[in-house]
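Have a look at the structure below before the remarks.
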Amino acid sequence: MLGKRVNEEGGVYRVRVKDLPKALQPREKFDRVGPENLSESDLLALLLRTGTTGLNVVELAETLFVKYGSLSALLRASTVELQEVRGIGKEKAKILKAALEMGRRLVQENVGENPRITTPEEAASVLRERARSLDREVFWVLLLDTKNRLMAPPAEVSKGTLSSSLVHPREIFKPAIQHSAANVILAHNHPSGDPSPSAQDIKITKKLIEAGKTMEIEVLDHIIIGRKTREGADDFLSLRESGLVEFSA
C-alpha cells in the first residue's frame, strides 16, 4: 500500500497522506491530471477525506475497494455493510452511498426519458443502472410505440428466479395493453454477472413471443443484463442476436 514505509530496523510504520510525495496525494493528483484520470481508490479517498487510526485515507480507500472489488459492488452494499470496514463510520458510509447514487442517477438521466430504441445496446443502457445494484433477478418490459420510442419507465413485472409461474403472459402484457404499446422488449438481470441464458430463459421467451402474437404485440427481443467482467466483453446478451430464439422479422 502507498502509506507503508520500512524503517532502518526493518519495522513497518504508517505514513500520513501529507507526508507522501505530492504526486501520490489524491488532491494533488486531481489538480494535476483531472478527475477523469484518477483511479477509483483515489476518488474514494477524496470522498472519505480522512483515514483512521493506523490507516491513512489512501490506504482506507484501497482497503474498501479491495473488499468490494468494483463500484457496482459498492453501490449494492448498504450503509450498515459499509460500516463493517474499519474506518468507515456512519457519516462516511452516507457520503459514499450519496455519491454513488448521484452517479447512478446521472447515468439514468443521460439515457433520456423517451429514447428511441433500435439496438440491444440501447435497450441495455436503459436498464443497466437499475440492474447494477440488484442481488436477485428482476424482469422488466420496455414498452415501445410504433417508432420504437420508450413510452414509459421500464415496467417491473416480477422479482425472483425466472419461472413460468413468476413470468406469466398476463402480467407481462398487462402494462403493454394499458399503454397501447405496439412493441415490447423483454429484459431481466442475472445477479451472478454472467448474461448467458438458461434453458428456462429460452423457454419463457418463446412462450411470450407466441402470447404476443395472439395480442398483436410484437416481442422484439429479450435482453439479459449481467456485469462487465473483462475488457471487450459485453455486460448483456440479446437473445435475438444470439440466434437461440426465433423472433419475428
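The values are calculated or read from the model by the stated rules, or taken from the named source; none is laboratory data. The model shown is predicted, which means the values in this text are computed figures rather than measured ones. Glycine gets a Cβ as well: all are built from the backbone with ideal geometry, and neighbour counts include every protein chain shown.
Quick notes
- When segment 94-138 is filtered for residues that are at pLDDT 85 or above, among the charged types (D, E, K, R), closer than 16 Å to His190 by Cα and touching an Asp or Glu at 6+ places or on another chain (Cβ under 9 Å), only Arg128 remains.
- Verdict on Ile204 being surrounded by fewer than 14 Cβ atoms within 10 Å (Cβ to Cβ), outside any loop (DSSP other than H, G, I, E, B) and not acidic (Asp, Glu): no
- Subset of segment 34-85 (residues that are surrounded by 20 or more Cβ atoms within 10 Å (Cβ to Cβ), small (Gly, Ala, Ser) and over 22 Å from the mean Cα position of the chain (by Cα)): Gly51
- The combined condition, being among the acidic types (Asp, Glu), out of contact with any Pro (no Cβ under 9 Å at 6 or more places or on another chain) and more than 20 Å from Ala211 (Cβ to Cβ), is not fulfilled by Glu171.
- Residues of segment 17-34 that are closer than 23 Å to Ala93 by Cα and modelled with pLDDT under 80: Val17, Gln25, Pro26, Arg27.
- Residues in segment 162-175 that are modelled with pLDDT under 65 and exposed (fewer than 15 other Cβ atoms within 10 Å of the Cβ): Ser163, Ser164, Ser165.
- Screening Ala181, Ala233 for residues that are at pLDDT below 90 and not in a helix (DSSP H, G or I) leaves exactly one candidate, Ala233.
- Candidate set: segment 186-201, residues that are outside any loop (DSSP other than H, G, I, E, B) and touching a strand residue (DSSP E or B) at 6+ places or on another chain (Cβ under 8 Å); chosen: the one farthest from Ser158 (Cα to Cα): Asp201
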